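What follows is a single structure, written as structure tokens, with notes after it.
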Amino acid sequence: MGGIYLGVRHGQHFLNDSDAVSRIVEAWPLEGRRVLEIGPGLGVLTTALLDAGALVEAIEFDHRLIDHLSGRFSREISEERLVLHQGDAARHPWPPFQVMVSNLPYSISSPVVFRLLDTPYEAAVLMFQREFAERMRAYVGTPDCGRLSVMVQTFARVEACFVLPPSSFSPPPEVDSMVVRITPRDPLFPIEDREVYGQVVRALFSQRRKTVRNGLKGASGVLGASVVCHLLDALPDEVLSSRPEALYLEDYATITNLVSAISG
């Protein structure tokens, strides 16, 4: 591939399944929309996005791949249908976009998803390790759910599109992958402060083996000792004696709103 070594640096596996590429591009209307692609690699998905009429902004970490993409898409770049950015997409400033479509490097899946939740967008069609995608979709209130499940399902809908085997990539990963479609939504239960909500969810799941009561005590440094004391008095015992994965979205919203009211 133009002398580029297809290694697995940064968790990148290059998609080489043309049918899968078509299905990804067809998962959301793209014509005339500004699309952010993270980890374009050799440009297989980029080509399909451009062919679908998208205006593409792509962020690639590897300077060698930037050089390859610059040569491959010189016309599209000159026509301003493609803009390339070099950097770590977990930290690099994101240009404004309407849709994110990416075969994400596995190593940055989590930071990209959490960052997406705080970014204006219309939809995202993303490829993940299947295990990561299943954690994101795990029902809140069940043993399989975690911080990722709670945060994503609070602010978005997640739909599984299809699963791909390792043979769809070069080099092949050791696990299956899954494409999901994410669309933003308002929380099902009112939340006074999104930042506080994130702090509460993070604090509890950082001590997920503990009960909510003990998790809150351990979060005094984050939430404040006096706030935690008030929470322990205000919350019902059935919530305090539960573990974080047993709580529902309404419970997290209730705790958050109590924190906001006490702090305010």
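How long is the gain from residue 31 to residue 131 if the chain were fully straight, where each residue apart is worth 0.36 nm and the alpha carbon distance is subtracted?
Values: separation 100, 0.36 × 100 = 36.00 nm, distance 3.12 nm.
The residue 31-residue 131 span can extend by a further 32.9 nm.
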Cut-off 16 Å, label 7 Å out along Cα→Cβ of residue 186, residues of the range 117-154 by amide N: 154
Residue-span extension gain [residue 115 to residue 249] - 0.36 nm each, minus C-alpha spacing: 46.3 nm
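Return 258, 30 ranked ascending by Cβ neighbour count within 10 Å, so the fewest neighbours appear first.
Details: 258 18, 30 24.
With the fewest neighbours first, 258, 30 line up as 258, 30.
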Which label in (1) 19.4, 63; (2) 20.7, 65; (3) 17.8, 57 gives the computed Rg and Dmax of the Cα atoms in Å: (2)
Cβ-based exposure ranking for 229, 161, in which fewest neighbours within 10 Å come first: 229, 161
Peptide ranges 87-99, 172-184 listed from the most packed, as the mean C-beta count within 10 angstrom indicates: 172-184, 87-99
Length added when fully stretched, residue 51-residue 206, from 0.36 nm per residue minus Cα-Cα: 51.4 nm
Centroid-to-centroid separation of the range 159-228 and the range 54-91 [C-alpha atoms, Å]: 30
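The numbers here are math on the coordinates, done by the rules we state, and not lab data. Just so you know, these numbers come straight off a predicted model, no measurement behind them. With ideal geometry, Cβ positions are generated from the backbone for all residues, glycine too; neighbour counts draw on all protein chains shown.
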